[in-house]
Each structure stands twice: as C-alpha cells, then as structure tokens.
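Heads up: the structure comes next, in structure tokens.
The values are calculated or read from the model by the stated rules, or taken from the named source; none is laboratory data. It should be emphasised that the depicted structure is a prediction, and the values quoted were computed from it without experimental measurement. Note that we place each Cβ from the backbone using ideal geometry, even for glycine, and neighbour counts take in every protein chain shown.
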Ligand code: HEM
C-alpha cells in the first residue's frame, strides 16, 4: 500500500471521502424522494446514522489488530479519524432522536430529554456510549496526548466499553430478530480477543516465524 511522507496518503483520502458517503447518500435519497425516507424519514435516518456510527467505531477498533496481525503500519493514522467520524454520526443520530421525539419545540426541556432518553433502556445505553465517545473525541489530538501522558491510553481503552454498550443498545432495540446485532457483536468480540496479551504474543510469534522460517526449524528441533 502506498504511503506519502509529505501530504495525505490515498488511504486517508479514501477514508475521508468514504466517511461522508452515508451522509451524502441520505441527502441524495431525500432529494430523490426515496421510498424508505418518504414513509418514515426520522426512523430511516436514525437507522442509517446509527449503523454508520457503529461500523466506523468497529473499523477504528480494527486498526490496532490490523497493524499487529498484518504489520500494516500505514493504517495507524486512520484510527483517530475513524473514531471521530463514528462520534460525528453518533451525535447526528442523537440529534435526530431529539428532533423525532419533539424535544426541540420552544427549546429542549431537560425533563423531556430525560423522559425520552433515560426511561427506555436501549436509549439509556446508547446515551452512555455517546457520553464515553465524547471525551475520547475531545482528547484525540497531540496536545491532549501530551497533557494526559499515560492516562491518555487508559482513557482511550474505554472505546471498547462504548463498543459493548452500542451492541447492547442494538440488541435491546430490535426486540425479535437479534441476528444482525449479534453479527456486529461477534466482530467486536474478535477485535477484543485480539487485544488480549497472550493472543497478541502468539500472533507476533507466528509473524516472526513466517518472516524467518529458520526459527521453525530451531523451534521444531
Ligand atoms: C445518544 C443516545 C442514543 C439514542 C437516544 C439512540 C436512539 C436510537 C433509536 C431511537 C434507534 C431506532 C430504534 C427503532 O426505531 O427501532 C436507534 C438505532 C440504532 N442506534 Fe442508537 N441511539 C443512541 C446512541 C447510539 C450510538 C452512540 C450508536 C453507535 C455508536 C448507536 C447505534 C445505533 C444502531 C446501530 C441502531 C440500529 C440501526 C439499524 O437498525 O439499522 N446509537 N438508536
């Protein structure tokens, strides 16, 4: 994969363009009077933004394993942006939920917001996930990294908790057919497993053996 020392790599261009596809697609569908958007626009946009946030979050969690398993260091700068775009869609998703629940007329009332968000368990865990993503988004810059030192890494590990909460959010809202959220849950489980030190160590060993086959002969002797 091509990387550029100066300027933006083609991979990053693909990321920035790709991240806006769900948004532009929705705008296009609105413009074209697409059926799903015409019947229940708020629900459809809620689904689309929620799905985009979840997929981008999982992609951001996949960056570290992709680097450690395949040694593709060029994906590392993508992690921050994937996380930020996940947060952007999460915010948009919540904003649409607020509008859909009629919470904006005459200013958002704290009581109405509380009623809509905290009374339903699926909305509550979704909100908790968004509240975890908020400080992560705010501190995803070099200045915050320098200020927080070791705590930056500790704070950013919370992204896995946010991932788990989003899967729970999805499972609780679908009611009957939980296959789709369970597929996303399985992906998250694999990504979490790849963070376990013992798993990482065996992958590293496997990679170094593939790079240097003589090690196999020595080990096998
Ligand atoms: C801020 C609090 C949140 C609220 C109040 C909320 C609310 C909702 C609602 C009302 C739905 C549609 C339910 C339905 O009509 O059946 C939904 C779906 C969904 N939400 Fe959230 N959500 C929140 C946060 C999040 C976050 C942070 C994410 C991801 C990072 C997320 C991901 C999803 C997904 C994946 C779906 C299902 C989409 C589909 O079925 O295609 N939500 N959410």
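Evaluate the following for residue 91: is it within 17 Å of residue 46 (Cβ to Cβ) and surrounded by 13 or more Cβ atoms within 10 Å (Cβ to Cβ)?
On the way: within 17 Å of residue 46 (Cβ to Cβ): yes; surrounded by 13 or more Cβ atoms within 10 Å (Cβ to Cβ): yes.
Yes: the conditions hold for residue 91.
With the condition being touching a residue at least 60 places away in the same chain (Cβ under 8 Å) and touching a strand residue (DSSP E or B) at 6+ places or on another chain (Cβ under 8 Å), I'd like the helices (runs of 4 or more DSSP H) fully within the stretch 119-221 carrying at least 1 qualifying residues. Break it down into steps so the answer makes sense when it comes.
Working: elements: 121-138, 142-148, 150-156, 159-174, 179-193, 197-211, 214-220.
Output list is empty.
Say whether the condition of being exposed (fewer than 13 other Cβ atoms within 10 Å of the Cβ), modelled with pLDDT of 95 or more and farther than 25 Å from residue 196 by Cβ is met by at least one residue in the stretch 122-132.
Quick first cut of the stretch 122-132, residues exposed (fewer than 13 other Cβ atoms within 10 Å of the Cβ) only: 131.
Next, from what is left, pick out any that are modelled with pLDDT of 95 or more: 131.
Going one step further and asking which of them are farther than 25 Å from residue 196 by Cβ, we end up with 131.
Taking every residue of the stretch 122-132 in turn, at least one turns out to be exposed (fewer than 13 other Cβ atoms within 10 Å of the Cβ), modelled with pLDDT of 95 or more and farther than 25 Å from residue 196 by Cβ.
Hey, residue 85 hits all of (1) within 15 Å of the ligand (Cβ to nearest atom); (2) without any contact (Cβ under 8 Å) to a residue 12 or more places away in the chain but one; which does it fall short on?
Failing condition for residue 85: (2).
Hey, can you tell me all the residues within the stretch 36-71 that are part of a helix (DSSP H, G or I), more than 16 Å from the ligand (Cβ to nearest atom) and exposed (fewer than 13 other Cβ atoms within 10 Å of the Cβ)? Steps first, answer last, please.
First pass over the stretch 36-71, keeping only residues part of a helix (DSSP H, G or I): 36-39, 41-70.
Then drop every residue that is not more than 16 Å from the ligand (Cβ to nearest atom), which leaves 38, 63-70.
Residues satisfying the conditions are 38, 70.
Of the residues in the stretch 172-189, how many are more than 10 Å from the ligand (Cβ to nearest atom) and under 26 Å from residue 135 (Cβ atoms)? Please lay out each step first, then the result.
At the first step, the residues of the stretch 172-189 found to be more than 10 Å from the ligand (Cβ to nearest atom) are 176-179, 182-183, 185-189.
Then drop every residue that is not under 26 Å from residue 135 (Cβ atoms), which leaves 185, 187-189.
Count: 4.
Under 23 Å from residue 46 (Cβ atoms) and more than 11 Å from the ligand (Cβ to nearest atom) - does that describe any residue in the stretch 128-137?
Applying the first criterion (under 23 Å from residue 46 (Cβ atoms)) to the stretch 128-137 yields 128-134, 136-137.
With the extra rule that they be more than 11 Å from the ligand (Cβ to nearest atom), the set shrinks to 136-137.
Yes: the stretch 128-137 contains one or more residues that are under 23 Å from residue 46 (Cβ atoms) and more than 11 Å from the ligand (Cβ to nearest atom).
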